[in-house]
Each structure stands twice: as structure tokens, then as C-alpha cells.
Amino acid sequence: MRRSYKDGGMDCGDEMTVVDTFTRLIFGDSDFSEGEIEIIETLRVVNPDVWCDTYPQMGEYLRNLGVREMIQLVSRVREQMLQDTHRPVTGGVNMEVSRFPVSTK
């Protein structure tokens, strides 16, 4: 099942939307829409270097990327969003959904 990444008329799978979200991180914005949070969480999935980073830390990381690295990262985030891995998000951490019960013993 595919999920639509639409948020207030904004296509979150669009490259420019990913770039805009990265730019907001770089400039220290912190009031993100649901669609932008999806992009940020997808960034965490495709780039383990920022898995536990705060938004300001992610912005610093993005600020230090070269042009080629940034283009590649935008493409990877966009491709991941289009694949729609459909992971639930809790507290900034993505978790795989298991089909098998987990023992709490």
C-alpha cells in the first residue's frame, strides 16, 4: 500500500520540497509541518550519521555537505519516500514492525 506524502498541498516526495526542508534545517527552523517531519525522519533512515541528531545538529551536518553530496542525499531521501517503507515513527526514532510477537520475559 502506498501512502501519499501530501501535506497542505505540498508534495513531500518532490525534490524541491526535500531541498526546502533541508534548507530550513540548515537555517535553524524548528516549526516543521507533518510532511517536513516525514522528510526529516526519512533522512534519519537513509543516513545513519544523523540517526540520533537534534534538528540543529542535522542542520550543521547538512551545512557542511558539498554540492554533490547534497544532491545525492536529496535523491536518496526522495527515493526512500517513494518506496514507502511504512515504518511507524515514535519520538524521532523509526522502528521496524515485526510480524512475530516479542517476548517480554
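Each value in this text was obtained by applying a stated rule to the coordinates, not by laboratory testing. Keep in mind that this is a model prediction, so the values were computed, not measured. As a convention, Cβ positions derive from the backbone with ideal geometry for all residues, glycine included, and neighbour counts pool all protein chains shown.
For the charge dipole of the range 9-83, defined by +1 on Lys and Arg C-beta atoms and -1 on Asp and Glu C-beta atoms about the Cα centroid, which residue among THR17, GLY66, SER33 has the Cα displaced farthest towards the positive pole? Positive-most Cα among the choices belongs to GLY66. By the beta-carbon count within 10 Å of each Cβ, the least crowded to most crowded order of GLU41, GLU69, fewest first, is GLU69, GLU41. Among MET16, MET70, MET81, MET58, the order by Cβ neighbours within 10 angstrom, fewest to most, reads MET16, MET70, MET58, MET81. Ranked by how many other Cβ atoms sit within 10 Å of their own Cβ, fewest first, the residues THR17, THR54 fall in the order THR54, THR17.
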